[in-house]
1. Of the residues that sit in the range 65-82 and are without any contact (Cβ under 8 Å) to a residue 24 or more places away in the chain and exposed (fewer than 13 other Cβ atoms within 10 Å of the Cβ), which one is farthest from M34 (Cα to Cα)?
2. Return the residues of the range 44-64 that are closer than 23 Å to Q110 by Cβ, of a type in the set (S, T, N, Q) and exposed (fewer than 15 other Cβ atoms within 10 Å of the Cβ); say none if nothing qualifies.
3. Any residue in the range 25-53 that's without any contact (Cβ under 8 Å) to a residue 40 or more places away in the chain: show its pairings with residues that are not in a strand (DSSP E or B) at Cβ separation under 7 Å, as long as the two are six or more apart or on different chains.
4. Which numbered condition trips up Y94, out of (1) buried (at least 20 other Cβ atoms within 10 Å of the Cβ); (2) farther than 14 Å from G8 by Cβ; (3) hydroxyl-bearing (S, T, Y)?
Amino acid sequence: QVQLVESGGGLVQPGGSLRLSCTASGSITRIDAMRWDRQAPGKQREFVALITRDGNTIYPNSTKGRFTISRDNAKNTAYLLIDNLKPEDTAVYYCNLQQYSVHYWGQGTQVTVSS
């Protein structure tokens with residue numbers, strides 16, 4: 001089994017920045033990709049960023065330019081930097097790890113953007 005722990009969420013004012021972390025532990029033999037999704041109140045979960053085994057990144061148009069995903073392979077950790085935060089970024093942010101064809105999810109970290 002693989003466990004994921006997200007951290008770094010909190011209350012931030014509009015225009016601020018936040019860096020989320022996701023650390024994986026357990027039976028990790030390889031990490032094919034790590035990604036972040038988010039779910040806002042009353043909305044479906046949506047994909048926000050992905051980083052592949054080779055370090056390639058993918059973003060949907062809705063997050064491209066403000067969101068940056070990165071990873072530290074030695075620490076089995078992925079990061080999500082969000083710049084110029086907006087109230088509509090308020091959501092629970094979830095980390096996902098793909099190992100071969102199996103996906104693991106963390107419990108999520110709350111990000112609230114409000115003045």
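Laboratory data are not the source of any read-out in this text; all were calculated from the coordinates shown. Note that this is a predicted model, so its numbers are computed, not measured. Glycine also receives a Cβ, built like all others from the backbone with ideal geometry; neighbour counts cover every protein chain displayed.
1. The qualifying residue farthest from M34 (Cα to Cα) is G65.
2. Matches in the range 44-64: Q44, S62.
3. Matching pairs, first to second residue: G26/Q1; S27/Q1; F47/P60; A49/Y59; A49/T63; R53/I31; R53/D32.
4. It is condition (2) that Y94 fails.
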